[in-house]
1. Just checking, does segment B:126-146 include any residue being within 11 Å of chain A (Cβ to nearest Cβ), part of a helix (DSSP H, G or I), out of contact with any helix residue (DSSP H, G or I) (no Cβ under 8 Å at 6 or more places or on another chain) and at pLDDT 90 or above?
2. Return the residues of segment A:74-114 that are over 21 Å from residue B:9 (Cβ atoms), part of a strand (DSSP E or B) and under 19 Å from the mean Cα position of the chain (by Cα); say none if nothing qualifies.
3. Would you check which residues across segment A:79-101 are crowded, with 16+ Cβ neighbours inside 10 Å, more than 16 Å from residue A:30 (Cα to Cα) and either in contact (Cβ under 8 Å) with a residue 40 or more places away in the chain or at the interface with chain B (Cβ under 7 Å from one of its Cβ atoms) (or both) and list them?
4. Return yes when residue A:52 is more than 14 Å from every other protein chain (Cβ to nearest Cβ), in contact with a strand residue (DSSP E or B) (Cβ under 7 Å, 6 or more places away or on another chain) and touching a residue at least 40 places away in the same chain (Cβ under 8 Å) and no when it is not.
5. Taking segment B:113-126 only, how many residues are within 11 Å of residue A:7 (Cα to Cα) and surrounded by fewer than 22 Cβ atoms within 10 Å (Cβ to Cβ)?
6. As an exercise: evaluate residue B:67 against (1) free of Cβ contacts under 8 Å to residues at least 40 places away in the same chain; (2) in contact with a helix residue (DSSP H, G or I) (Cβ under 6 Å, 6 or more places away or on another chain); (3) within 14 Å of another protein chain (Cβ to nearest Cβ) and give the number of the one condition it does not meet.
7. Which ones in segment B:7-36 are over 16 Å from residue B:115 (Cβ atoms), more than 7 Å from chain A (Cβ to nearest Cβ) and either in contact (Cβ under 8 Å) with a residue 60 or more places away in the chain or assigned to a helix (DSSP H, G or I) (or both)?
8. Filter segment B:102-114 for residues that are within 14 Å of chain A (Cβ to nearest Cβ) and out of contact with any strand residue (DSSP E or B) (no Cβ under 8 Å at 6 or more places or on another chain); which is farthest from residue B:50 (Cα to Cα)?
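The values are calculated or read from the model by the stated rules, or taken from the named source; none is laboratory data. These numbers come from a predicted model, not from an experiment. Ideal geometry is used to build each Cβ from the backbone, glycine not excepted, and the neighbour counts take in all protein chains shown.
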């Protein structure tokens with residue numbers, strides 16, 4: 001028996017409010033920091049995936065290269081990242097997390113995890129595993145729809 | 001045994017890409033329509049919750065009243081909604097879906113559901129039920145964090 005599209009749509013309906021609400025909570029937690037939402041997102045990518053070029057970071061964060069470049073420049077001014085020669089591409093340096101950058105992200109993220117732990121206490125591990133699987137299949141399916149549709153693909157390349 | 005915050009964070013990490021990707025797919029599907037993303041969202045609220053005032057729609061969609069008013073005006077120009085006297089508030093009319101508005105939303109939504117059904121085929125009903133529960137607890141928990149935090153509350157009232 002396969003699940004009904006209507007039930008899956010319920011999942012999708014949580015996505016927009018969750019995105020807006022969690023962005024507010026993250027922004028509020030950063031209110032006393034020099035680190036902006038954008039810098040936090042770039043630091044997280046570098047912590048998770050290691051050094052990356054600006055276009056690579058943009059692809060993961062689904063944001064235009066120009067926007068990432070601006071955020072990377074701000075992070076570099078704060079000493080949180082540094083640009084190193086890229087062995088793969090001569091013209092596109094590799095952005096690397098500095099020790100202060102790693103420390104800043106970990107400090108911010110630890111505070112976020114403390115808040116999230118209060119919510120996790122109300123859930124069973126199995127439920128969360130199921131949720132991650134559903135979201136994974138949903139994200140892959142929607143990414144595929146986005147590729148299949150020429151109008152969505154055009155937006156993709158902006 | 002309660003779930004780990006790190007696992008729950010995996011759920012949260014899907015929220016932003018899913019929001020961006022699904023917005024692209026919805027926008028692409030609307031490319032040939034007079035209905036914009038904003039109008040689609042307002043029509044959906046009215047279909048789900050019945051007639052509502054502009055501030056009420058804004059609260060549900062987490063968008064400023066002024067933005068909702070603009071979208072409602074566009075939808076009214078297209079004959080998709082109409083404003084009726086509000087028995088509860090003399091100064092804030094009730095926005096009501098017209099028959100063409102209901103038909104437009106249902107047509108658009110049926111096409112969306114058809115696409116979603118292909119993805120739902122890959123999932124079990126139990127998994128989706130678990131995912132909806134996790135997202136529900138997560139959304140309620142994050143909304144509470146947003147209320148608890150004075151900086152987030154300020155953003156809330158914008």
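1. Pass one, segment B:126-146, residues within 11 Å of chain A (Cβ to nearest Cβ): B:126-146.
Next, only the ones that are part of a helix (DSSP H, G or I) stay: B:126-146.
Checking the rest, the ones that are also out of contact with any helix residue (DSSP H, G or I) (no Cβ under 8 Å at 6 or more places or on another chain) come to B:140, B:144.
The next check asks that each one be at pLDDT 90 or above; those that pass are B:140, B:144.
So far as segment B:126-146 goes, yes, one or more of its residues are within 11 Å of chain A (Cβ to nearest Cβ), part of a helix (DSSP H, G or I), out of contact with any helix residue (DSSP H, G or I) (no Cβ under 8 Å at 6 or more places or on another chain) and at pLDDT 90 or above.
2. A:81, A:94, A:95, A:96
3. Within segment A:79-101, A:93, A:94, A:95, A:97 qualify.
4. On the way: more than 14 Å from every other protein chain (Cβ to nearest Cβ): yes; in contact with a strand residue (DSSP E or B) (Cβ under 7 Å, 6 or more places away or on another chain): yes; touching a residue at least 40 places away in the same chain (Cβ under 8 Å): yes.
Yes.
5. Of the residues in that region, 5 qualify.
6. (2)
7. Those that are over 16 Å from residue B:115 (Cβ atoms), more than 7 Å from chain A (Cβ to nearest Cβ) and either in contact (Cβ under 8 Å) with a residue 60 or more places away in the chain or assigned to a helix (DSSP H, G or I) (or both): B:13, B:35.
8. Among them, the one singled out is B:114.
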